Amino acid sequence: MQIGKVIGTVVATKKDDSLIGSKLMITQPLNLKNEIDGKPLIAVDTVGAGIGELVIYTEGTAARNATKKLQSSINAAIIGIVDNIDVWED
């Protein structure tokens, strides 16, 4: 699981049948200091996240499991909305 921020949405009228009914969100990976950590990705939203929200997302097989679409081409899924992050530092 990783932390990201939803920065946009994707609307695709023509897509693979396994994606029909899926909400697609552009997610920017972040590190624990809330800094950009990689390229944005498109993730299927399973929790009703909105633009600007911090989220937990997963990739690969875990994403397909979260969406309950094991035979799909899904590679990333938003699986949680972050309320708070506390990081202890020395």
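A few comments on the model shown:
- Taking each residue as 0.36 nm, the span from Asp83 to Glu35 lengthens on full extension beyond its C-alpha to C-alpha distance by 15.6 nm.
- Annotation: amide H-H contacts under 5 Å for Asp37 (H modelled 1.01 Å from N, sequence separation of 5 or more, or interchain): Leu30, Asn31.
- Selected from Asn65, Asn75, Asn31 as most flexible by GNM, with the chain as the system and alpha-carbon contacts under 10 Å: Asn31
- Carbon/sulfur fraction of accessible area - region 1-75, other protein chains in place, 1.4 Å, %: 54 percent
- At full extension, Ile7 and Lys23 could sit 4.4 nm farther apart than now, given 0.36 nm per residue minus the alpha carbon distance.
- Taking every protein chain into account, the accessible area of the chain amounts to 65 square angstrom per residue (probe 1.4 Å).
- Residues whose amide H lies under 5 Å from that of Ala76, counting only those 5 or more places away or on a different chain, are Val44, Gly60; hydrogens are built 1.01 Å from N in the peptide plane.
- Helix-only [θ]222 nm of the chain, DSSP H runs n ≥ 4, -39500 (n - 2.57) each, per residue, nearest 500: -2000 deg cm²/dmol
The values are calculated or read from the model by the stated rules, or taken from the named source; none is laboratory data. All values reported here derive from a predicted model rather than from experimental measurement. Surface accessibility is based on the protein's heavy atoms, side chains included, excluding ligands, DNA and RNA. Shrake-Rupley method; radii C 1.70, N 1.55, O 1.52, S 1.80 Å.
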